[in-house]
Amino acid sequence: MKIAIVCYPTFGGSGVVATELGLELARRGHEIHFITYSQPVRLALLNPNLHYHEVHVPEYPLFHYQPYELALSSKLVDMVKLHGIELLHVHYAIPHAYAGYMAKKMLKEQGIKIPMVTTLHGTDITLVGNHPFYKPAVSFSINHSDVVTSVSQALKDDTYKLFDIKRDIEVIPNFIEVDKKKIEENSPCHRSMMATETQKIITHISNFRKVKRIPDVIKIFYEIQKVMPAKLMLVGDGPEKEPAEKLCDQLGLADKVIFFGNSSEINEILCFTDLFLLPSETESFGLAALEAMSNGVPVISSNTGGLPEVNREGYSGYLANVGDVETMAKRAISILEDDKVLLQFKNNALKVAQEFDIQNIVPLYEKLYRKALKQK
Ligand code: GMT
């Protein structure tokens, strides 16, 4: 199949999922065209089935806001015609589903029928899309997609609750490439570069937005380091990073916390991690938790949104109510204080991650594409 993928090219989860999906589809022989405003961060183009087309938005002083959707829909029309693309898969409803719908309409006028699959990722529904200024356009573009998928059952339920949706939504969970061999071989992790042998390593990875509740991460770690030697790795960048640095200083944690900023060495960091923290306010899926689990790292998370579908209570980690720092800290300590327990949780985390292996999930998208093409 010839498929155009539209996504955000940044470090965010939806962009990562879209990129990994495109890479795997290309490996499976499909012709994949990424269409976005810059090259997705995880995209390596060394595959003849992979193409990247940049959307340029010419600056014009009259415009207070440059019209990205217009440029994107025009680019989609041009690329579909030039490369004979058969299907559009847009990730994140805003504004991609809207731009995709316009492209479909323009192409139809020229005698080209092309189905559009929209994947909802989370904040496009729960935070941004739900804003009254966007809501009618988001509802419209979901209702006018040919196929709609969501990354968890929780997000599907939220979409029906928050929007007036008159159509089916299929749940296709996010996925991960589980490198079982690497974990079984116990490849060296450069742990000694980061901590002493007795220190436990706790990690959090995110885009440092309010929704991630970074102060909770720091407060949980504060409790842990009171009872055992420990180090905290904070990976990512965003508006909450500076306040986080201040809070660490105030709590006297500066020498126990490492701020990495955005990193392309996530697996290397997770390799030496003992426990992952994700106490988010809301999380449609929690790809970062799955990434941790695929590296054999147990997770302490909140029990919001799709997190219970990924992190299994008492098995791959523990879950607690949003903001319940005390319980999260207690549970974290219960895993970390006994090496046998820690090892059991690590093995369990890896087992759960295997359910979400890329080889199990990508065929679900392929099936969906074939169905959409038949309905064309
Ligand atoms: O919040 C983020 O980490 C970024 C955001 C995005 O749009 O890229 O992530 C959302 O999509 C991810 C991939 O499907 C999910 O794993 C995240 O849970 C989801 N974030 C939220 O729902 C807050």
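Among the helices (runs of 4 or more DSSP H) confined wholly to the stretch 166-271, which include 2 or more residues that are farther than 21 Å from residue 339 by Cβ and at pLDDT 95 or above?
It comes to 214-227, 241-250.
Give the residues of the stretch 42-67 that are touching a helix residue (DSSP H, G or I) at 6+ places or on another chain (Cβ under 7 Å) and surrounded by 14 or more Cβ atoms within 10 Å (Cβ to Cβ), sorted by residue number.
Step one: filter the stretch 42-67 for residues touching a helix residue (DSSP H, G or I) at 6+ places or on another chain (Cβ under 7 Å), giving 42-43, 47, 49-50, 53, 55-57.
42, 43, 49, 50, 53, 55, 57, listed by residue number.
Among 120, 107, which is the only one that is surrounded by 15 or more Cβ atoms within 10 Å (Cβ to Cβ), closer than 21 Å to residue 18 by Cα and out of contact with any Lys or Arg (no Cβ under 7 Å at 6 or more places or on another chain)?
None of the others qualify; the one that does is 120.
Evaluate the following for residue 369: is it away from the ligand (no atom under 16 Å from the Cβ), more than 18 Å from residue 13 (Cβ to Cβ) and not in a helix (DSSP H, G or I)?
no
Here is a yes/no grid of residues against (1) outside the structural domain of residue 126 (by TED's automatic domain parsing); (2) in a helix (DSSP H, G or I); (3) within 11 Å of the ligand (Cβ to nearest atom); (4) touching a residue at least 60 places away in the same chain (Cβ under 8 Å):
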| residue | (1), (2), (3), (4) |
| --- | --- |
| 276 | yes, no, no, yes |
| 283 | yes, no, yes, yes |
| 289 | yes, yes, yes, no |
| 301 | yes, no, yes, no |
| 309 | yes, yes, yes, yes |
| 319 | yes, no, no, no |
| 322 | yes, no, no, yes |
| 328 | yes, yes, no, yes |
| 334 | yes, yes, no, no |
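Can you tell me which residues in the stretch 299-329 are farther than 16 Å from residue 223 by Cα and within 18 Å of the chain's Cα centre (by Cα)?
Correct list: 299, 302, 303, 304, 305, 306, 307, 308, 309, 310, 311.
Going by what's in this entry, would residue 161 be described as in the same structural domain as residue 41 (by TED's automatic domain parsing), in a helix (DSSP H, G or I) and either touching a residue at least 24 places away in the same chain (Cβ under 8 Å) or basic (Lys, Arg) (or both)?
Here the answer is yes, as residue 161 does meet what is asked.
Tell me, which residue of the stretch 223-262 that is in contact (Cβ under 8 Å) with a residue 40 or more places away in the chain and out of contact with any Gly (no Cβ under 7 Å at 6 or more places or on another chain) is surrounded by the most Cβ atoms within 10 Å (Cβ to Cβ)?
My answer is 224.
Residue 200 - would you say it is in contact (Cβ under 8 Å) with a residue 60 or more places away in the chain, of a type outside the set (A, V, I, L, M, F, W, C) and over 25 Å from residue 126 (Cα atoms)? Don't jump to the end; show me each part of the working.
On the way: in contact (Cβ under 8 Å) with a residue 60 or more places away in the chain: yes; of a type outside the set (A, V, I, L, M, F, W, C): yes; over 25 Å from residue 126 (Cα atoms): yes.
For residue 200, the condition - in contact (Cβ under 8 Å) with a residue 60 or more places away in the chain, of a type outside the set (A, V, I, L, M, F, W, C) and over 25 Å from residue 126 (Cα atoms) - is met.
Condition first: within 16 Å of the ligand (Cβ to nearest atom) and surrounded by fewer than 21 Cβ atoms within 10 Å (Cβ to Cβ). Now tell me which residues in the stretch 123-132 satisfy that.
Residues satisfying the conditions are 127, 128, 130, 131.
In this structure, is residue 93 touching a Lys or Arg at 6+ places or on another chain (Cβ under 9 Å) and surrounded by 23 or more Cβ atoms within 10 Å (Cβ to Cβ)?
No: the conditions fail for residue 93.
Does at least one position in the stretch 194-215 carry a residue that is farther than 27 Å from residue 355 by Cβ, β-branched (Val, Ile, Thr) and either within 16 Å of the ligand (Cβ to nearest atom) or not assigned by TED's automatic domain parsing to the domain that holds residue 343 (or both)?
Scanning the stretch 194-215, I find at least one residue that is farther than 27 Å from residue 355 by Cβ, β-branched (Val, Ile, Thr) and either within 16 Å of the ligand (Cβ to nearest atom) or not assigned by TED's automatic domain parsing to the domain that holds residue 343 (or both), so the answer is yes.
Does the stretch 354-370 include one or more residues that are more than 24 Å from the chain's Cα centre (by Cα) and surrounded by fewer than 20 Cβ atoms within 10 Å (Cβ to Cβ)?
Yes, because at least one residue in the stretch 354-370 is more than 24 Å from the chain's Cα centre (by Cα) and surrounded by fewer than 20 Cβ atoms within 10 Å (Cβ to Cβ).
The values are calculated or read from the model by the stated rules, or taken from the named source; none is laboratory data. Computed from a prediction, not measured in an experiment: that's the story for all the values here. Every residue, glycine among them, receives a Cβ derived from its backbone with ideal geometry; neighbour counts consider all protein chains shown.
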